[in-house]
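Scroll down for the structure; my scribbles are underneath it.
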Amino acid sequence: MALSGAKALIRKAFGFPEARDAFGLVVLNKSGMAVTPENAINVPAVSCAISKISETVGDLPAKLFARDDRRAAKQHPIYKLIHDEANEFTSAAQLRATLTRDALLHGKGFAHVVRSFDGRPLELQRIDPSIVRCDFDDDGTPFYVVNAGRQNIRLEYTDVLHIQPPGGISPIDAGREAIGLAMAFEAHIARLFANGARPSGIITATKSLDAEAKKKLSAGWFSTHSGSNSGGTAILDEGMQYQQIAMTLTDAQFAENRLEQIREIARVFNVPPTMLFELTRGTWSNTEEMARQFYQITLKPWLTAWTWAYARVLLTPEERARYYIEFVTDDLLTTDFSKKATALGQYRSMGAMTANEVRALLNLQPHPEGDSLSNPHITTPTDQPADPAQDEPV
């Protein structure tokens, strides 16, 4: 029983990222590289993808709306937590970016909901994901255990803001092989340029050399013609000749291989390659379409997870029937100001928006006469005096 239990524990440790983190086990991938959240962030494509997703999620404003009139419920106590500041020293945008980054790297991001004596949420405090463990009661209700030094603190699921990546597994674990191969490419090109970007060659001699002579010749050659000394003039004795080996096909196509790894990492993070500055097929005309794809493919699952995580811990079931949380994505989807102006003008002329609603989207103060839905292009003003010439008989 003890042996079978140990085997099951080992299988669990190698199969689940949380167990690997708990036991400190590092598994080498097929390229021979050990991929962890700490060294994966050093890969430029990984760092760019994580920054692009987390910072965009943080920058998009989240608001609380009433379901009956779809107006922003600014007087509700949680509006400040999701829109302005999560606590006294952390803004709401910064907390979203940090928790999203934790979820991308470790597969989980946590924040503790600090409440008043009457249960009203006051603050959101980030918790290091490495000290949090999720467990379940007998009835399936989840709860969280926080390792606070010498004691473990139990927190109910209604007091922990829990963010998970789409699919429940971090891209670092899902794309371990692709990231490891990119790290192997980086190490290979570093060694290549450390030797003057020249592959190894062959030294031939007119007479045979014993093992000791070959060893001294090799040591002397590498000490004088490698690293910072590469590129110098070589002097050979006793009729020796140096023959340089031509670069292999892999070395010749190294740039293409590196581009393919950027595309692989983009697939792992579900990000369009152009967002990682892989512009082989990017043009100036597809910038707006790129932003729309980034929202539809990449950000929308994250924003959905955030809205539910907010509502689960900050709103009671009764309040969820009256309010909902939504991210404002207008600036992300509209990159061309002229197209945005045309769209707002059409909404205004068809009576879908008032002038003050349009001014609010442009961060302008409301106008005293801007609450009417009438079309300003075809509506005749009624407050002007009538023309006396129209009353004269023909």
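Since every read-out is calculated from the coordinates, none of them should be taken as a lab result. Since the structure is predicted, the reported quantities are computational estimates derived from the model, not experimental observations. Cβ placement follows ideal geometry from the backbone for every residue including glycine, while neighbour counts extend to all protein chains displayed.
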Worksheet, complete the sentence: Apart from one, (1) touching a helix residue (DSSP H, G or I) at 6+ places or on another chain (Cβ under 8 Å); (2) more than 22 Å from residue 324 (Cα to Cα) all hold for residue 47; the odd one out is (1)
Worksheet item: So which residues in segment 63-122 are free of Cβ contacts under 8 Å to residues at least 40 places away in the same chain, part of a helix (DSSP H, G or I) and closer than 17 Å to residue 326 by Cα, if there are any at all?
Response: 79, 80, 83, 92, 93, 95
Worksheet entry | Enumeration of residues in segment 164-180 that are surrounded by fewer than 23 Cβ atoms within 10 Å (Cβ to Cβ) and among the hydrophobic types (A, V, I, L, M, F, W, C) | 169, 174
